[in-house]
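See below for the structure under consideration.
The values are calculated or read from the model by the stated rules, or taken from the named source; none is laboratory data. Note that the structure is a prediction, hence the values are computed from the model and not measured. With ideal geometry, Cβ positions are generated from the backbone for all residues, glycine too; neighbour counts draw on all protein chains shown. Side chains included, ligands, DNA and RNA excluded: accessible areas come from the protein's heavy atoms. Shrake-Rupley method; radii C 1.70, N 1.55, O 1.52, S 1.80 Å.
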Amino acid sequence: MSSNTFGTLFRFTTFGESHGPALGCVIDGTPPGITLAEADIQVWLDRRRPGQSRFTTQRREPDQARILSGVFEGRTTGTPIAVLIENVDARPKDYGEIKDKFRPGHADYTYWVKYGLRDHRGGGRASARETAMRVAAGAVARKVLSALVPGGVVIRGALIQIGPHKVDRARWDWGAVEENPFFCPDRIAAQSWEGYLDEVRRRGSSCGAVIEVTAAGAPAGLGAPVYGKLDADLAAAMMGINAVKAVEIGAGFRAAELSGEENADEMRMEGGKVSFLSNNAGGILGGISTGQDIVVRFAVKPTSSILAPRRTVDVHGRDTEISTRGRHDPCVGIRAVPVGEAMMACVLADHLLRHRGQCGP
C-alpha cells in the first residue's frame with residue numbers, strides 16, 4: 001500500500017521529494033470538456049510559493065506548473081492530468097550535518113523505523129514541499145466545481161491564530177486576507193503578528209497556527225452515510241497535511257460546552273427553502289452537506305526544523321544534540337492556508353462526482 005493517492009472518483013497521486021529534481025501529481029477522474037490551462041493552476045501555486053516574505057522560508061522556487069497530459073486544445077479530455085513542478089533551488093548539502101540524526105518533532109525517526117532508511121534532504125516526502133502538488137490538484141478541483149455547480153463554490157481560507165495570538169472575529173474582513181503576508185482577516189492582528197514572528201525567528205525557534213477554511217455555495221446532499229461522511233473525509237484531508245495535529249468542523253470542540261438548545265441549528269422556511277438560524281454543525285449533518293457554508297479548522301504544530309539546539313539520538317543509537325540549519329518556515333502554518341483550501345476543493349469535487357454517480361445531477 002503506497003498511500004500516495006487521495007480521493008475516490010476525483011483522485012490524485014503525488015510524487016517527488018523536497019530536494020529531488022521535481023515534484024508532480026497525476027489527477028484522475030476529471031470530467032471531459034472543462035477548460036483548463038497552466039495559468040489556472042499557477043494562480044493558486046503562487047499563493048503558496050515560498051520566499052514571498054521574511055516570515056516564510058527563503059528558498060526561491062518559482063513553482064512553475066507544466067501540464068503534461070489530459071488537456072487538449074484548452075479542455076480536459078477525461079484522461080489523467082499530469083502536472084510537473086521542477087525544483088530549481090534545492091540545497092541538499094544544507095542537511096549533511098544531520099543526515100544521521102533525528103530531528104525531534106519531525107518524521108525522521110518514524111520513516112527510518114518503518115523503511116530502514118530515510119531521505120535526509122529536507123525530509124524527503126515528509127517535507128511540506130510536497131503540498132505544492134496538492135495545491136495543483138486543488139486548482140483542477142476548483143475548475144470541476146465551477147463547471148458543475150450552478151453559481152460555483154467559493155472556497156476561502158484564513159489564518160486565525162499564530163502561536164497564542166488569535167484574531168478578533170469582530171474585525172473579520174475577507175478583503176484583508178490578501179493584504180498581509182499571513183492570510184489574516186484581521187488587519188490589526190496581522191500587524192501585531194509581525195513583531196511576534198520576528199522575535200520567534202531571532203530566537204531560532206518556531207510557532208504553530210490555526211487555519212480556518214470555508215466553502216460557500218456547496219450544494220446540499222454531498223456526502224454519504226455511514227462510512228463516506230463528508231466531514232470524515234474533510235477531517236482526513238486536513239489531517240493529512242504536513243504538521244497538522246487537530247481538526248474540527250463547525251463549532252468543533254466548543255460544541256462540548258454548549259447545551260442542546262444552543263447547539264441545535266434551528267430551521268425555518270424562507271422563500272420556499274429551508275433556512276438555518278445558526279451553523280454549529282459547520283454545514284454538515286449526518287455526514288451530508290446542508291447547503292450552508294462548510295467550515296473546517298485545523299491546527300498546525302511549530303516547525304520541527306529549528307536552530308535552537310535540541311536533545312536527540314542518531315541512527316547508531318547514541319545520545320546527541322541537533323541544530324537544524326538551512327531555510328525553514330518559522331511558522332509553516334502560514335503557507336498551509338492555500339493547502340487547506342486545495343484539500344477542501346478536492347474533497348468537495350470528489351463528493352460531487354460521487355453524488356452525481358449515485359443520485360444524478
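Annotations for the structure displayed:
- Packing-based ranking, highest mean first, of 61-69, 267-275, 220-228, 329-337 given that Cβ atoms within 10 Å are counted: 329-337, 61-69, 220-228, 267-275
- Volume per residue for the stretch 87-200 equals 183 cubic angstrom (convex hull of Cα atoms).
- What the stretch 322-361 shows is 29 Å² of accessible area per residue, with the surface traced by a 1.4 Å probe over protein heavy atoms.
- Available extension along the chain between residue 277 and residue 191 is 27.6 nm, counting 0.36 nm per residue and deducting the alpha carbon span.
- Whole-percent P(r), the stretch 173-254, all Cα pairs, 5 Å bins from 0: 3, 10, 16, 17, 19, 16, 9, 5, 4, 1.
- Taking one quarter of the surface of the C-alpha convex hull of the chain gives a mean projected area of 19.6 nm².
- Remark: the stretch 67-74, residue by residue, has Karplus-estimated 3J(HN,Hα) of 8, 9, 7, x, 10, 9, 6, x Hz, where x stands for each Gly or Pro and the curve is 6.51 cos²θ - 1.76 cosθ + 1.60 at θ = phi - 60°.
- Relative to the 2.2 N^0.38 Å rule of thumb, the stretch 209-273 has a C-alpha radius of gyration ratio of 1.37.
- Per-residue [θ]222 nm for the chain (sum of -39500 (n - 2.57) over DSSP H runs n ≥ 4, rounded to 500): -8000 deg cm²/dmol
- Under a model in which nothing but the beta-carbon of Lys, Arg (+1) and Asp, Glu (-1) is charged, the stretch 143-200 shows a dipole of about 380 debye around its Cα centre.
- Kirkwood estimate for the stretch 127-268, i.e. one over the average of 1/r between Cα atoms, Å: 17.8
- Beyond 21 Å, the tail of the calculated P(r) for the stretch 205-317 holds 50 percent of the Cα pairs.
- Kirkwood hydrodynamic radius over Cα pairs of the stretch 142-182, then Stokes diffusion coefficient at 25 °C and 0.890 mPa s, in µm²/s: 196
- Enclosed volume per residue, in Å³, of the convex hull spanned by Cα atoms of the stretch 273-338: 171
- Here the Karplus relation 6.51 cos²θ - 1.76 cosθ + 1.60, evaluated at θ = phi - 60°, turns the backbone of the stretch 252-258 into coupling constants of x, 4, 5, 4, 5, 8, 8 Hz, with x for every Gly and Pro.
- Å³ per residue enclosed by the Cα convex hull of the stretch 8-162: 147
- At the residue level, residue 183 shows approximately 20 square angstrom of accessible surface with a 1.4 angstrom probe and all protein chains present.
- Kirkwood Rh (inverse of mean 1/r, distinct Cα pairs), the stretch 91-155, angstrom: 14.4
- For the stretch 69-119, the calculated P(r), taken from all Cα-Cα distances in 5 Å bins from zero up to the bin holding the longest distance, is 4, 15, 15, 13, 10, 12, 8, 10, 10, 4 percent.
- Using Cβ point charges alone (K and R +1, D and E -1), the dipole size of the chain about the Cα centre works out to roughly 920 debye.
- Using the average count of surrounding beta-carbon atoms within 10 Å as a protection proxy, the listed peptides 126-139, 199-212 rank, highest first, as 126-139, 199-212.
- The 3J(HN,Hα) values that the Karplus relation (6.51, -1.76, 1.60; θ = phi - 60°) gives for the stretch 119-130 are, in residue order, 8, 7, 6, x, x, x, 6, 7, 6, 5, 4, 4 Hz. Gly and Pro appear as x.
- Annotation: extensible slack from residue 266 through residue 310 equals 10.7 nm (criterion: 0.36 nm per residue apart, minus Cα-Cα distance).
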